[in-house]
Amino acid sequence: MKRLLYSISIVIFMLLQARAFGNINYLVPLTTAAPVIDGDISTDWQDALSVNIVYPAIVTAPNEGSVTGDIPDDAADISGTVYLKWDFEYLYVAVRVHDQVLNFWQTAPGPFNSQDVFQMCFNPLNAATTYSATTTPIYDFAVRDSSNNGPFLYKHTGDVYALPNAELGGQVLTDGYIIEAKLPWGDFSHTPLPGDVHGVGFILVDSDGGTVVETYMYDYGNNGTTGINTVSGWNTITLIGENNCGLWGIPVGDINMDCLVDLEDFAIIALQWMGCTLPSEPTCVDMRY
């Protein structure tokens, strides 16, 4: 029995090491319930992928994120959860950001990368290998500008209207903000299909006062803070069908949603043993996979 447990522990270690040195591929589910884009995420995103961006989990294997500037004091200082799902018309994106000191000082239409903002890097069909503002852009999702208007979506090529047919909603809260968006696949000149792979990166920007950015939190791959220029090293999202595992769907216990319950799922459970997702709980170590 001891030998069996030892062998299992070795396999788990190897699986964890394999994840630690590779980019993360997030599986984004096909939705049959398009969200209402109103800044309220309490009921419309239960079927979405969720990705937590919180320190120190973001820099802890198997995660490959990084932080520059001030290290967050805690999850209430700066952290967020990104939600993704899709259908054949739109890529749906939402983010709930926790931020104790809100600062919206930049003017519309942007850019907004020196104030509190959520940014998403996008590499359509994961085709490009080097960064280009035109082909692999960075989008600013700003809930407010200096005139308290918003939300806004800005593309870092100087485009006022990043995606002309996008729809945004958002609200400012006492402890942060929420942004929702529906991004038309047509604006990406793409017709989506299950199995499509896209390169992505997520960035939280925290500017507590004036024009100075205190913290950047990056989640876009295993290249450290210079990885934004090497898009082949970004994380990826794979579009999966509503029932991508056949007639019976995704089985209970299939943590990584690859249609198998196996040691990779056990490795994820072992990695997050006794973790939680309660940022306001002082004893909580917020974890993700």
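Below, the figures for the structure above:
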| item | result |
| --- | --- |
| FRET efficiency, ASP73 to THR191 (Cβ-Cβ, R0 45 Å, nearest 0.05) | 0.50 |
| Residues THR230 and ASN165, FRET efficiency given R0 of 30 Å [Cβ-Cβ distance, rounded to 0.05] | 0.50 |
| Added length on full extension, which subtracts the Cα-Cα distance from 0.36 nm per residue, ASP47 to ALA127 | 26.0 nm |
| Most to least packed among 102-112, 207-217, 186-196, 33-43 [average Cβ atoms within 10 Å] | 102-112, 207-217, 33-43, 186-196 |
| Rounded FRET efficiency, nearest 0.05, which uses the C-beta distance separating VAL261 from THR238 and R0 of 22 Å | 0.70 |
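Rule-based calculations on the coordinates, nothing more; no lab input. Not measured: the values here are computed from a predicted model. A quick note on method: Cβ atoms are made from the backbone with ideal geometry, for glycine too, and the neighbour counts reach across all protein chains shown.
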